[in-house]
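> Attaching a single structure in structure tokens format; questions to follow.
The values are calculated or read from the model by the stated rules, or taken from the named source; none is laboratory data. Everything numeric in this text was worked out from a predicted model, so none of it was measured. Ideal geometry is used to build each Cβ from the backbone, glycine not excepted, and the neighbour counts take in all protein chains shown.
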């Protein structure tokens, strides 16, 4: 650029053509890569930023936990900030005084509750900010990646609180890069790409689409191939060095089935055809629950089984066998073929579903097949 010539500014829209609604009591998660507009969208909904065009309509008290540092006066103590935030949200001093013990107990920051916020660590700040937001009885809770900086114990406590708020029909809009958490908590998910809505619907479907986009971008960055075949289905992606032809589930009697007894031996039969020559490909399987939580996954590389070299046109038949030590509920199976560096040949999300049945119901997903031994002594 010549000296003295000003560069013409370019118009940039952080968000464009955004249109959606969230019902009372619904949990909507926003997912997408960094820079796609998630935090900007939450700030607009919270009223911190005004949209250039359009409008946001909300009904009910909003509590927002956005950027670290927003909303608290660093010179005030934690207790003073809690009282101030409550009054800003329209609660009386008496209501906030009544809520203080619960907030202090949930935050669990000890004597720092009475010390200036400027002395807090990042984790302590988030603990107090989150505890305040969920104890002011909001009708709408907006959270931007707050759980990422907390420890495991606090994160688990927050998740249980989210579930409690869901039961109380609190509307929640939150951003998280923890895709398992999104699947666990959300009623719906929204995928943002380049400031626009790319997908919205069932969390499992949206996340599968998001993972596919990430892997596709990664592959395009590493190796651009114009002849690459693009898949219209959001649940299937890869460079098609190899293609999964079929996936079959077999029971202990080697019969095709979609139902297994808890603890029964399962065989996954996968047939693959190679479109191009390939050295040391990887084949893997992943079992998920109905809501998309990963239960078990492995592949030939993890199991120490090198597959060697395959020429174009060669077919591979491979079987995975494992015991379905699972609680009775529906599950899905994801199958993939990959390069040694982890990029995908052919990834098929939730390609087949199956059911685990048992005479008794147990909590969780793993059936440890427990034994209970007890004795009694006379009084």
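> Can you say whether residue 353 is under 27 Å from the mean Cα position of the chain (by Cα), surrounded by 10 or more Cβ atoms within 10 Å (Cβ to Cβ) and modelled with pLDDT under 85, as far as the supplied structure shows? Steps first, please.
Working: under 27 Å from the mean Cα position of the chain (by Cα): yes; surrounded by 10 or more Cβ atoms within 10 Å (Cβ to Cβ): yes; modelled with pLDDT under 85: no.
Spelling it out, it is not the case that residue 353 is under 27 Å from the mean Cα position of the chain (by Cα), surrounded by 10 or more Cβ atoms within 10 Å (Cβ to Cβ) and modelled with pLDDT under 85.
> If you don't mind, another one. Could you go through the range 126-140 and let me know if any residue there is in contact (Cβ under 8 Å) with a residue 12 or more places away in the chain and within 26 Å of residue 295 (Cα to Cα). I'd like the intermediate steps shown before the answer.
Of the range 126-140, the ones in contact (Cβ under 8 Å) with a residue 12 or more places away in the chain are 126-140.
Next, from what is left, pick out any that are within 26 Å of residue 295 (Cα to Cα): none.
No, there is no match, as no residue in the range 126-140 is in contact (Cβ under 8 Å) with a residue 12 or more places away in the chain and within 26 Å of residue 295 (Cα to Cα).
> Condition test on residue 86, is it buried (at least 19 other Cβ atoms within 10 Å of the Cβ), touching a residue at least 40 places away in the same chain (Cβ under 8 Å) and on the phi > 0 side of the Ramachandran plot?
Values: buried (at least 19 other Cβ atoms within 10 Å of the Cβ): yes; touching a residue at least 40 places away in the same chain (Cβ under 8 Å): yes; on the phi > 0 side of the Ramachandran plot: no.
Against the criterion (buried (at least 19 other Cβ atoms within 10 Å of the Cβ), touching a residue at least 40 places away in the same chain (Cβ under 8 Å) and on the phi > 0 side of the Ramachandran plot), residue 86 does not qualify.
> Residues to consider are 363, 358; find the one that is exposed (fewer than 12 other Cβ atoms within 10 Å of the Cβ) and at negative phi.
Numbers: 358 fails: exposed (fewer than 12 other Cβ atoms within 10 Å of the Cβ).
It is 363.
> Among residues belonging to the range 366-379 that are modelled with pLDDT under 85 and closer than 30 Å to residue 284 by Cα, point out the one that is surrounded by the most Cβ atoms within 10 Å (Cβ to Cβ).
369
> Residue check: is residue 25 within 17 Å of residue 192 (Cα to Cα) and modelled with pLDDT under 90? Show your work before the answer.
Numbers: within 17 Å of residue 192 (Cα to Cα): no; modelled with pLDDT under 90: yes.
So residue 25 does not fit the description; no.
> If you don't mind, there's one more thing I want to ask. Restricting attention to the range 94-116, does a residue exist that is assigned to a loop (DSSP other than H, G, I, E, B), loosely packed, with under 13 Cβ neighbours inside 10 Å and on the phi > 0 side of the Ramachandran plot? Break it down into steps so the answer makes sense when it comes.
Restricting attention to the range 94-116, the residues satisfying the condition of being assigned to a loop (DSSP other than H, G, I, E, B) are 108-109, 115.
Subsequent filtering for residues that are loosely packed, with under 13 Cβ neighbours inside 10 Å retains none.
Checked the range 94-116: no residue is assigned to a loop (DSSP other than H, G, I, E, B), loosely packed, with under 13 Cβ neighbours inside 10 Å and on the phi > 0 side of the Ramachandran plot.
> Tell me, please, whether a residue that is modelled with pLDDT under 85, farther than 24 Å from residue 26 by Cβ and crowded, with 16+ Cβ neighbours inside 10 Å can be found in the range 69-78.
For the range 69-78, residues modelled with pLDDT under 85, farther than 24 Å from residue 26 by Cβ and crowded, with 16+ Cβ neighbours inside 10 Å: present.
> Okay, moving on. Take the conditions more than 21 Å from residue 165 (Cβ to Cβ), at pLDDT 85 or above and surrounded by 10 or more Cβ atoms within 10 Å (Cβ to Cβ) and apply them to residue 51. Does it pass? Please lay out each step first, then the result.
Working: more than 21 Å from residue 165 (Cβ to Cβ): yes; at pLDDT 85 or above: yes; surrounded by 10 or more Cβ atoms within 10 Å (Cβ to Cβ): yes.
Yes, satisfied.
> Looking at the range 65-73, can you tell me whether even one residue there is farther than 26 Å from residue 16 by Cα, in the same structural domain as residue 158 (by TED's automatic domain parsing) and either outside any loop (DSSP other than H, G, I, E, B) or over 30 Å from the mean Cα position of the chain (by Cα) (or both)?
Yes, the conditions are met somewhere in the range 65-73.
> Exactly one condition in (1) part of a helix (DSSP H, G or I); (2) surrounded by fewer than 19 Cβ atoms within 10 Å (Cβ to Cβ); (3) under 17 Å from the mean Cα position of the chain (by Cα) is false for residue 177; which is it?
Of (1) part of a helix (DSSP H, G or I); (2) surrounded by fewer than 19 Cβ atoms within 10 Å (Cβ to Cβ); (3) under 17 Å from the mean Cα position of the chain (by Cα), only one is false for residue 177: (1).
> Further, regarding this structure: For the range 264-315, which positions are closer than 30 Å to residue 187 by Cα and either in a loop (DSSP other than H, G, I, E, B) or outside the structural domain of residue 340 (by TED's automatic domain parsing) (or both)?
We begin by selecting, within the range 264-315, every residue closer than 30 Å to residue 187 by Cα; these are 284-298.
If the condition is that a residue be closer than 30 Å to residue 187 by Cα and either in a loop (DSSP other than H, G, I, E, B) or outside the structural domain of residue 340 (by TED's automatic domain parsing) (or both), then 290, 291, 292, 293 are the ones that fit.
> Could you list all residues from the range 294-328 that are within 23 Å of residue 259 (Cα to Cα), surrounded by fewer than 16 Cβ atoms within 10 Å (Cβ to Cβ) and either without any contact (Cβ under 8 Å) to a residue 60 or more places away in the chain or in contact with a helix residue (DSSP H, G or I) (Cβ under 8 Å, 6 or more places away or on another chain) (or both)?
Result: 294, 296, 297, 298, 317, 318, 319, 321, 322.
> Which residue, of 369, 377, is part of a loop (DSSP other than H, G, I, E, B), over 30 Å from residue 243 (Cα atoms), touching a residue at least 40 places away in the same chain (Cβ under 8 Å) and more than 21 Å from the chain's Cα centre (by Cα)? So that I can check it myself, show each step before the final result.
Numbers: 377 fails: touching a residue at least 40 places away in the same chain (Cβ under 8 Å).
Just one listed residue meets the conditions, 369.
> Is it the case that some residue within the range 330-346 is modelled with pLDDT under 90, over 25 Å from the mean Cα position of the chain (by Cα), part of a loop (DSSP other than H, G, I, E, B) and surrounded by fewer than 16 Cβ atoms within 10 Å (Cβ to Cβ)?
yes
> Could you please let me know if residue 169 is at negative phi, in the same structural domain as residue 105 (by TED's automatic domain parsing) and either surrounded by fewer than 21 Cβ atoms within 10 Å (Cβ to Cβ) or part of a helix (DSSP H, G or I) (or both)? Can you show your working first?
Values: at negative phi: no; in the same structural domain as residue 105 (by TED's automatic domain parsing): yes; either surrounded by fewer than 21 Cβ atoms within 10 Å (Cβ to Cβ) or part of a helix (DSSP H, G or I) (or both): yes.
No, not satisfied.
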